[in-house]
Amino acid sequence: MIAYLAKRLGIATVTLVLASLVVFAVLEIVPGDPARLMLGMNASEAQVEQLRDQMGLNAPLIERYLHWVSGLLSLDFGRSYTYSVPVIDLVLERVVVSLPLALIALALSTAIAIPVGLYSASRRGAAGDAVAMGAAQLGVAVPNFWFALMLVYLFAVWLRWVPAGGFPGWSAGVWPALKSLLLPAIALALPQAAILARVTRSALIEVLNEDYIRTARAKGMPYRAVLWRHALRNALIPVVTIMGLQFAFLLAGTIIIENVFYLPGLGRLVFQAITQRDLIVVESVVMLLVATVIAVNLLVDFTYAIVDPRLRGRS
Amino acid sequence: MSARAQTPNDGMASWIGKAFANRSFLTGFLITLLVAVVALTSFLWTPYDVTKLIIADKTQAPSLTHWFGTDHFGRDILSMIMVGARNSIAVAPVAVGIGMGIGVPLGMFAAARGGMVDEALMRLNDLVFAFPALLSAIMITAIFGPGAVNAIIAIGIFNIPVFARVGRAGALSIWPREYILAARAAGKSKTQITVEHILPNIANQLLVQGTIQFALGILAEAGLSYLGLGAQPPMPSWGRMLFDAQTRMVVAPWMALFPGMAIVVTVLGLNLLGDGIADILDPKSRRQR
């Protein structure tokens, strides 16, 4: 178990270092001089050069990389070119939107998918299964931003139950803030739930064919108990894997949904920063998201070891 | 040659028979065919000219003259969807082609060599997977300029590790087989074995994954176009149509309804096709997605 976890941790660290090199290198080759961008087209060559010196853009490549990385490690992400505030402030301001949104969406998607998967797997081939999987098939095909537009039309424009977009901030109270995250969370959750329900069903069906399930049934264990105690637990590995991938997707992949609902989240921050060539923001946020993805995957690996005792012996 | 899976002459015919008896395959095939025909027809004929702006006809509700209504420039939405289909249908296969063309050889190479090469390639795979695909696609298109071609490349790059993984896993399961041992004993090189025996035996898995990535590619392309990073106006694209529709939801909800339905139908068709192929090739298989 220790060896398994150590190996996973090692791989995660290597991936993280490589990722930082890639992010740094990519932004290094991006056309557009940030100093020139800040000063405008009318600035003289000397002024631009002076600002480049000030921003440390003229230092050798390795020095700048190390400076950037050590900054990241001490949570000093530098200052945004366009907003002229520390990047960490921007990030913290946006995380309080993106993180709750991702968590609500994941909770919703799990709350829908696991029961549907269980229901479908236990009634394999029956009409209920066919209907549920038909709906899942449809759900997988729906682009979440189109679904979001339809939700806006129905619940915001037509029924006027919730705001069509924007975010009042948590200072406006928990309920108004949650209310404005509701539609985006549903829009994100439904297609995810469709995928997760299919995975849950197929993993369960696989497990239900195992001998130990028959044994459990043969010794008189009620079907429901078999389903929850033996089948679901054993089917969890693929389900947890997909959930990990989905959480990572939800944190970073909300760019489009945040655009639909005008939510001031991380996705919109990075999207705007890219179009404004605010590279220091792009660098930091992308690196932060990548680190989160790697951390979540590591967490998933650790969960394997907890869920599946067989993995503990292996390295 | 003799080691390859047996395919008698009537194999193809029975395969097609089995395929059309499979409901998923049949439905998916018909939908995909319909979308392809619509896209091809748009080259020859569309109900209205999508390049002509007729402001007098703007945001008309669906009617007998304009089945799906008109947009804010008076363009016929049905015609735009037809032309937009070209775009979606062109982007996804090329992106899948990039992913397969680079990913599969890499994966098979890793499986054939094993050891350090395998380890290094798999770590590289982990690296690409650590970058949220959509975020990176946005970065690539934003940096190198928006447009259909860059969107294809951006989506294609993220198909590479997917196919590398499938190619490697498939190849690893074939290598221990006895007929591979026989081929090695006969003096065939690893490359020869890979091309002659491994590839034909994992083609099925690649085909199934291909349809999945095809569908995902269409969704990704729509997302990029929605953000203004895909095909550029005046070329209609489904994603861009949804963007234009967003601010006009109150006056012209049909502007959002129909392009979205076009995406759903196309993706649904491809997914059903993929499910069907997986069922036919391996009745025991239950696709994960």
Q.
Take residue B:195 and tell me if it is farther than 24 Å from residue B:95 by Cβ and within 14 Å of chain A (Cβ to nearest Cβ).
A. no
(Q) With the requirement that a residue be within 13 Å of another protein chain (Cβ to nearest Cβ) and either of a type in the set (Ser, Thr, Tyr) or within 19 Å of the chain's Cα centre (by Cα) (or both), what does region B:141-164 give you? (A) B:141, B:154, B:157, B:158, B:161, B:162
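May I ask you to say which residue of B:195, B:149, B:166 is in a helix (DSSP H, G or I), buried (at least 16 other Cβ atoms within 10 Å of the Cβ) and of a type in the set (A, V, I, L, M, F, W, C)? Working first, answer last.
Details: B:195 fails: buried (at least 16 other Cβ atoms within 10 Å of the Cβ); B:149 fails: buried (at least 16 other Cβ atoms within 10 Å of the Cβ).
Testing whether each residue is in a helix (DSSP H, G or I), buried (at least 16 other Cβ atoms within 10 Å of the Cβ) and of a type in the set (A, V, I, L, M, F, W, C) leaves just B:166.
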Q: May I ask you to list the residues in region B:64-86 that are of a type outside the set (A, V, I, L, M, F, W, C), at pLDDT 85 or above and open to solvent by 10 Å² or more (accessible area, probe 1.4 Å)?
A: B:75, B:86
Q.
Testing residue A:285 on (1) open to solvent by less than 20 Å² (accessible area, probe 1.4 Å); (2) not in a helix (DSSP H, G or I), one condition comes back false. Which one is that?
A. (2)
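Here are A:190, A:196, A:181: which of them is crowded, with 19+ Cβ neighbours inside 10 Å, modelled with pLDDT of 90 or more and more than 14 Å from chain B (Cβ to nearest Cβ)?
Of A:190, A:196, A:181, the one residue that is crowded, with 19+ Cβ neighbours inside 10 Å, modelled with pLDDT of 90 or more and more than 14 Å from chain B (Cβ to nearest Cβ) is A:181.
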(Q) Let me confirm something: among B:154, B:171, which residue is touching a residue at least 60 places away in the same chain (Cβ under 8 Å), within 15 Å of residue B:88 (Cα to Cα) and in a helix (DSSP H, G or I)? (A) B:154
**Q.** Condition broken by residue B:213, with the remaining ones in (1) of a type in the set (S, T, N, Q); (2) under 16 Å from the mean Cα position of the chain (by Cα); (3) facing another protein chain (nearest Cβ under 9 Å) satisfied
**A.** (3)
**Q.** Positions within region B:12-31 being open to solvent by 40 Å² or more (accessible area, probe 1.4 Å) and within 17 Å of the chain's Cα centre (by Cα), in sequence order
**A.** B:29, B:30
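Taking residue A:217 as the residue in question, decide whether it is at pLDDT 85 or above, of a type outside the set (Asp, Glu) and out of contact with any Leu (no Cβ under 8 Å at 6 or more places or on another chain).
Working: at pLDDT 85 or above: yes; of a type outside the set (Asp, Glu): yes; out of contact with any Leu (no Cβ under 8 Å at 6 or more places or on another chain): yes.
So residue A:217 fits the description; yes.
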Q. If you check B:205, B:288, B:232, which single one turns out to be at pLDDT below 90, under 30 Å from residue B:144 (Cα atoms) and either open to solvent by 10 Å² or more (accessible area, probe 1.4 Å) or outside any helix (DSSP H, G or I) (or both)?
A. B:232
Q. Is it the case that residue A:237 is open to solvent by 10 Å² or more (accessible area, probe 1.4 Å), touching a residue at least 12 places away in the same chain (Cβ under 8 Å), closer than 27 Å to residue A:167 by Cβ and more than 11 Å from every other protein chain (Cβ to nearest Cβ)?
A. no
Q.
One residue is enough: does region A:207-228 have a residue meeting the conditions among the hydrophobic types (A, V, I, L, M, F, W, C) and within 13 Å of another protein chain (Cβ to nearest Cβ)?
A. yes
Q: Inspect all residues belonging to region A:61-68 and state whether any of them is over 24 Å from the mean Cα position of the chain (by Cα), open to solvent by 80 Å² or more (accessible area, probe 1.4 Å), touching a residue at least 12 places away in the same chain (Cβ under 8 Å) and away from chain B (no Cβ under 14 Å).
A: yes
Q: Taking residue B:51 as meeting all but one of (1) at pLDDT 85 or above; (2) assigned to a loop (DSSP other than H, G, I, E, B), write down the number of the exception.
A: (1)
Q. Does residue A:23 count as in contact with an Asp or Glu (Cβ under 7 Å, 6 or more places away or on another chain) and either in contact (Cβ under 8 Å) with a residue 24 or more places away in the chain or farther than 18 Å from residue B:143 by Cβ (or both)?
A. yes
Q. Does residue A:113 satisfy the criteria of being within 12 Å of chain B (Cβ to nearest Cβ) and aliphatic (A, V, I, L, M)?
A. no
Q. Mind checking whether some residue in region A:240-259 is assigned to a loop (DSSP other than H, G, I, E, B) and more than 10 Å from chain B (Cβ to nearest Cβ)?
A. no
Q.
Condition first: modelled with pLDDT under 90, out of contact with any Gly (no Cβ under 6 Å at 6 or more places or on another chain), more than 11 Å from chain A (Cβ to nearest Cβ) and open to solvent by 30 Å² or more (accessible area, probe 1.4 Å). Can you find one or more residues in region B:247-260 that meet it?
A. no
**Q.** residue A:160 surrounded by 14 or more Cβ atoms within 10 Å (Cβ to Cβ) and over 19 Å from the mean Cα position of the chain (by Cα)
**A.** no
Q) Can you name the residue in region A:1-18 that is assigned to a helix (DSSP H, G or I) and more than 26 Å from the chain's Cα centre (by Cα) and, of all such residues, is farthest from the other protein chains (Cβ to nearest Cβ)? A) A:2
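Among the residues of region A:19-42, how many are at the interface with chain B (Cβ under 8 Å from one of its Cβ atoms), farther than 13 Å from residue A:57 by Cβ and buried (at least 16 other Cβ atoms within 10 Å of the Cβ)?
Qualifying residue count, region A:19-42: 3.
Just for region A:105-134: of the residues that are open to solvent by less than 50 Å² (accessible area, probe 1.4 Å) and under 14 Å from the mean Cα position of the chain (by Cα), which one is farthest from residue A:171 (Cα to Cα)?
Here the residue is A:109.
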**Q.** Enumeration of residues in region A:26-60 that are within 33 Å of the chain's Cα centre (by Cα) and in contact (Cβ under 8 Å) with a residue 12 or more places away in the chain
**A.** A:27, A:28, A:30, A:32, A:33, A:34, A:35, A:37, A:38, A:55, A:57
(Q) Return the residues of region A:125-172 that are within 21 Å of residue A:257 (Cα to Cα), within 8 Å of chain B (Cβ to nearest Cβ) and in contact with a Lys or Arg (Cβ under 9 Å, 6 or more places away or on another chain); say none if nothing qualifies. (A) A:140
Q: Look through B:281, B:227, B:273 and report the one residue that is open to solvent by 10 Å² or more (accessible area, probe 1.4 Å), touching a residue at least 60 places away in the same chain (Cβ under 8 Å) and within 7 Å of chain A (Cβ to nearest Cβ).
A: B:227
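The values are calculated or read from the model by the stated rules, or taken from the named source; none is laboratory data. Model, not experiment: these values are computed from the prediction. Glycine gets a Cβ as well: all are built from the backbone with ideal geometry, and neighbour counts include every protein chain shown. The area values use the complete protein model at the heavy-atom level, side chains included, leaving out ligands, DNA and RNA. Shrake-Rupley method; radii C 1.70, N 1.55, O 1.52, S 1.80 Å.
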